[in-house]
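**Student:** Would you mind keeping the following structure in view while I ask a few things?
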Amino acid sequence: MKKILFYLSLLSFISCSKEIIILDYNITSPRENWTYYENEEIYFSTDIISPYLKWYSSIDGFLDSNSHFCKKLSAGQHEISLYNTKNNNLKTIVINVQKKNDIKEKELLLVNFPYTFKSVITGGFYCLSGSVETLKTDISKSDRIIRDINLKVNPHNRRIFFCNNRQCSNAPQKKEFYVINTKNQAETNIVEAELYYFNDKINVYIEKNVSADKNIDFCIQNINNIILPRITDLWGYVEDINSDSRLTILFSSTINKEKKAIGFFNQNDFFLNDSNPVSNNYNPYSNEMDIIYIAIPDDSDKNYTVESISATIAHEMSHAVNFSKKTYAKIKKNEPFNVLETFLDEGLSHLTENLVGFGSSGGNKDFINSYLKNSNSCSFCDSNNFGEQDTIERRGAMSLFLYYLFNKAGGFDWDANKIHLIDKGGISFLQKIITDKESGWSAIGSYFYINTDFLFQEFCRKCLTENLCNLFDFSLTDSITNEKVFECNEFDKYKISDINNLLPYSITKLDSIKYSFNFDCKYFYGNTYFIFLEL
């Protein structure tokens, strides 16, 4: 076998014989006084790379000598020590490890990873599922709301609602709506609203006593001229639940007051209202219609600007159409069905914001940047290292990965009028995910007839080894909104020549990981990384 040597970085070449002494360092994970469980991996990391490190536990003794690794600990209070044998520095923290009975051990990010890594994956793109009891963390600190909420919905045993008379098409001037409390999901607001606008595609209701202003008019203009045509191009149509040929959009101030979301789609609305608490079909707050819920635009709060509201409308329409096609259409036919997993559903909806034209001003750029800043702590399809599930980092990570594959499939173009989206392969890729029998990670690769693991590995490798500004066309500008179709600026801070800053983007920190298909990574201390490819 012939081996080819690739130099990933020559920031300042230092041979293996030259010693580097780091005077100070920190334990970045685990966190002081946090609670972990004995049957889950704990992620250990420090902010330096050195061959002189030794990790110890006051209960389990010697743990490891790497900068990043994962390990289970025995139950008890542990004093974790990180000792630098070169300069005799010592850092310590205290953590608690508890028993947690009958909890199945969580898998790594890529469940049953069959073809690639054989050893424990230690960080970077391949992150562990969370292991912390509390959900507090500092990596998601942001004054930008995550956009929507994941309602606890079980479509099994829900009864289909059929509107068999055309009276449903006559939208009432005034109507009461059930609006889930986005803050706790345990309460429901009853919102009285008035019909403000309608055409042959949408009914727009505004909460009573809320004054309609130019911002709501701007949102409606965006829906008619940009969002709805492009959502239809990307995904198709929402199921017409109440046979009125229109999607209902409700602007409600309850969402603003709760400050938990910008809007949401509730799958329960697709099923019959049933207020009997002992019924198998208990569904007491269904509005029995195809509807999305949106906050009132507010220029004084950047979460609720017209652009952010417009992005959220596109986001929620994507959820509604995809639930219609992936799940509801099969329920109607009494066929086996599944529901898109949250990580994929949200990733697709965030990518939709970009393709519709509101990804940057709507805030998607912040989600992607947040992932790129914290990639060591984040998973693409599972909880992060602090136990959080649906985070802005995970949403940003998935939209980045899906955009890469969208372009790999061929991307898109605009029509002559610069309004509609023309499929060049990317839209077919997205729609194949929805029509695939799987609903999670494996559905992503179905368009390419390739295991998603391989595509993900290719994505990680390119992010590590290529000029990322060439890998992603950040200059592509929407034909109507004049926004960048896909934008993030964290890439600008990480040049391929600066390997120390590039580390959070790497596949696994390159810590002696073996690939089963002859891609062999080896790490040498200093500022140079080498990758050997066996050909």
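The values are calculated or read from the model by the stated rules, or taken from the named source; none is laboratory data. Keep in mind the model is a prediction, meaning the values are calculated, not measured. All Cβ positions, glycine included, derive from the backbone under ideal geometry; neighbour counts span all protein chains shown. Accessible surface areas use protein heavy atoms only, side chains included; no ligands, DNA or RNA. Shrake-Rupley method; radii C 1.70, N 1.55, O 1.52, S 1.80 Å.
For (1) touching a Leu at 6+ places or on another chain (Cβ under 9 Å); (2) not hydrophobic (A, V, I, L, M, F, W, C), each residue gets a yes or a no:
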| residue | (1), (2) |
| --- | --- |
| I216 | no, no |
| Q221 | no, yes |
| L234 | yes, no |
| I241 | no, no |
| F251 | no, no |
| T254 | no, yes |
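**Student:** Do we find a residue being surrounded by fewer than 18 Cβ atoms within 10 Å (Cβ to Cβ), in contact (Cβ under 8 Å) with a residue 40 or more places away in the chain and of a type in the set (D, E, K, R) anywhere in segment 265-276?
**Tutor:** yes
**Student:** Quick check: is even one residue across segment 389-405 touching a strand residue (DSSP E or B) at 6+ places or on another chain (Cβ under 9 Å), on the phi < 0 side of the Ramachandran plot and in contact (Cβ under 8 Å) with a residue 12 or more places away in the chain? Steps first, please.
**Tutor:** Applying the first criterion (touching a strand residue (DSSP E or B) at 6+ places or on another chain (Cβ under 9 Å)) to segment 389-405 yields none.
Within segment 389-405 (the criterion being touching a strand residue (DSSP E or B) at 6+ places or on another chain (Cβ under 9 Å), on the phi < 0 side of the Ramachandran plot and in contact (Cβ under 8 Å) with a residue 12 or more places away in the chain), the answer is no, since none of the residues qualifies.
**Student:** Okay, next question. Just the residues that are open to solvent by less than 70 Å² (accessible area, probe 1.4 Å) and at pLDDT 90 or above, please, taken from segment 448-473.
**Tutor:** F448
**Student:** Against the conditions (1) open to solvent by less than 70 Å² (accessible area, probe 1.4 Å); (2) modelled with pLDDT under 85; (3) basic (K, R), where does K141 fall short? Just the number, please.
**Tutor:** (1)
**Student:** While we're on this one: Taking V306 as the residue in question, decide whether it is in contact (Cβ under 8 Å) with a residue 60 or more places away in the chain and in contact with a Cys (Cβ under 9 Å, 6 or more places away or on another chain). Give the derivation first.
**Tutor:** Details: in contact (Cβ under 8 Å) with a residue 60 or more places away in the chain: yes; in contact with a Cys (Cβ under 9 Å, 6 or more places away or on another chain): yes.
When the stated conditions are applied, V306 passes them.
**Student:** Which condition number does S399 fail, the rest of (1) of a type in the set (S, T, Y); (2) part of a loop (DSSP other than H, G, I, E, B); (3) under 15 Å from the mean Cα position of the chain (by Cα) being met?
**Tutor:** (2)
**Student:** Give the number of residues within segment 30-57 that are hydroxyl-bearing (S, T, Y) and farther than 12 Å from V97 by Cα.
**Tutor:** Looking only at segment 30-57, we keep the residues that are hydroxyl-bearing (S, T, Y), and these are 35-37, 43, 45-46, 50, 52, 56-57.
Narrowing further to those that are farther than 12 Å from V97 by Cα: 43, 45-46, 50, 52, 56.
Result for segment 30-57: 6.
**Student:** While we're here: Restricting attention to segment 40-60, which residues are among the hydroxyl-bearing types (S, T, Y), open to solvent by less than 30 Å² (accessible area, probe 1.4 Å) and within 15 Å of P30 (Cα to Cα)?
**Tutor:** Within segment 40-60, Y43, S45, T46, S57 qualify.
**Student:** Only one of these is of a type outside the set (A, V, I, L, M), open to solvent by 10 Å² or more (accessible area, probe 1.4 Å), under 29 Å from C463 (Cβ atoms) and in contact with a Cys (Cβ under 9 Å, 6 or more places away or on another chain): E341, E393. Name it. Please lay out each step first, then the result.
**Tutor:** Working: E393 fails: open to solvent by 10 Å² or more (accessible area, probe 1.4 Å).
Answer to the check: E341.
**Student:** Considering segment 395-423 alone, what residues qualify as being among the aromatic types (F, W, Y) and under 21 Å from N482 (Cα atoms)?
**Tutor:** Residues of segment 395-423 that are among the aromatic types (F, W, Y), as a first pass: 401, 403-404, 406, 412, 414.
Matches in segment 395-423: Y403, F406, F412, W414.
**Student:** State which residue pairs qualify: first residue farther than 30 Å from P229 by Cα and inside segment 184-207, second residue at pLDDT 95 or above and open to solvent by 40 Å² or more (accessible area, probe 1.4 Å) in any location, beta carbons under 7 Å apart, and separation of 6 or more residues or different chains.
**Tutor:** Every condition considered, the pairs that remain are T188/Y178; I190/E176; I190/Y178.
**Student:** Would a scan of segment 323-333 turn up a residue that is without any contact (Cβ under 8 Å) to a residue 12 or more places away in the chain, open to solvent by 10 Å² or more (accessible area, probe 1.4 Å) and not in a loop (DSSP other than H, G, I, E, B)? Show your work before the answer.
**Tutor:** Initial filter on segment 323-333 (without any contact (Cβ under 8 Å) to a residue 12 or more places away in the chain): 330, 333.
Restricting the remaining residues to those that are open to solvent by 10 Å² or more (accessible area, probe 1.4 Å) gives 330, 333.
Cutting the leftovers down to not in a loop (DSSP other than H, G, I, E, B) gives us 330.
Yes, segment 323-333 contains a residue that is without any contact (Cβ under 8 Å) to a residue 12 or more places away in the chain, open to solvent by 10 Å² or more (accessible area, probe 1.4 Å) and not in a loop (DSSP other than H, G, I, E, B).
**Student:** Being touching a strand residue (DSSP E or B) at 6+ places or on another chain (Cβ under 7 Å), surrounded by 15 or more Cβ atoms within 10 Å (Cβ to Cβ), at pLDDT 75 or above and not charged (D, E, K, R), is that true of even one residue in segment 14-26?
**Tutor:** So far as segment 14-26 goes, yes, one or more of its residues are touching a strand residue (DSSP E or B) at 6+ places or on another chain (Cβ under 7 Å), surrounded by 15 or more Cβ atoms within 10 Å (Cβ to Cβ), at pLDDT 75 or above and not charged (D, E, K, R).
**Student:** Would a scan of segment 339-356 turn up a residue that is of a type in the set (S, T, N, Q) and part of a loop (DSSP other than H, G, I, E, B)?
**Tutor:** Keep residues of segment 339-356 that are of a type in the set (S, T, N, Q), which gives 342, 349, 352, 354.
Restricting the remaining residues to those that are part of a loop (DSSP other than H, G, I, E, B) gives none.
No: segment 339-356 contains no residue that is of a type in the set (S, T, N, Q) and part of a loop (DSSP other than H, G, I, E, B).
**Student:** Can you pull out every residue in segment 64-81 that is within 33 Å of the chain's Cα centre (by Cα), in contact (Cβ under 8 Å) with a residue 24 or more places away in the chain and outside any loop (DSSP other than H, G, I, E, B)?
**Tutor:** Across segment 64-81, the qualifying residues are H68, F69, C70, K71, I80.
**Student:** Of the residues that make up segment 61-77, is at least one at pLDDT below 50 and surrounded by fewer than 18 Cβ atoms within 10 Å (Cβ to Cβ)? Let's see the steps before the verdict.
**Tutor:** Start the filter on segment 61-77 by keeping residues that are at pLDDT below 50, which leaves none.
Within segment 61-77 (the criterion being at pLDDT below 50 and surrounded by fewer than 18 Cβ atoms within 10 Å (Cβ to Cβ)), the answer is no, since none of the residues qualifies.
**Student:** I've got another one for you. Give the number of residues within segment 227-243 that are open to solvent by 10 Å² or more (accessible area, probe 1.4 Å) and more than 30 Å from A186 (Cα to Cα).
**Tutor:** Narrowing segment 227-243 to residues open to solvent by 10 Å² or more (accessible area, probe 1.4 Å): 228-229, 232-233, 236-240, 242-243.
Checking which are more than 30 Å from A186 (Cα to Cα) leaves us with 228-229, 232-233, 236-237.
So the answer is 6.
**Student:** Filter segment 187-211 down to residues that are open to solvent by less than 80 Å² (accessible area, probe 1.4 Å) and of a type in the set (A, V, I, L, M, F, W, C) and give me whichever is modelled with the lowest pLDDT. Walk me through how you get there before you give the answer.
**Tutor:** Applying the first criterion (open to solvent by less than 80 Å² (accessible area, probe 1.4 Å)) to segment 187-211 yields 188-189, 191-195, 197, 199, 202-208, 210.
Narrowing further to those that are of a type in the set (A, V, I, L, M, F, W, C): 191, 193, 195, 202, 204, 206, 210.
Values: V191: 97, A193: 96, L195: 95, I202: 96, V204: 96, I206: 97, V210: 92.
If we take residues in segment 187-211 being open to solvent by less than 80 Å² (accessible area, probe 1.4 Å) and of a type in the set (A, V, I, L, M, F, W, C), then V210 is modelled with the lowest pLDDT.
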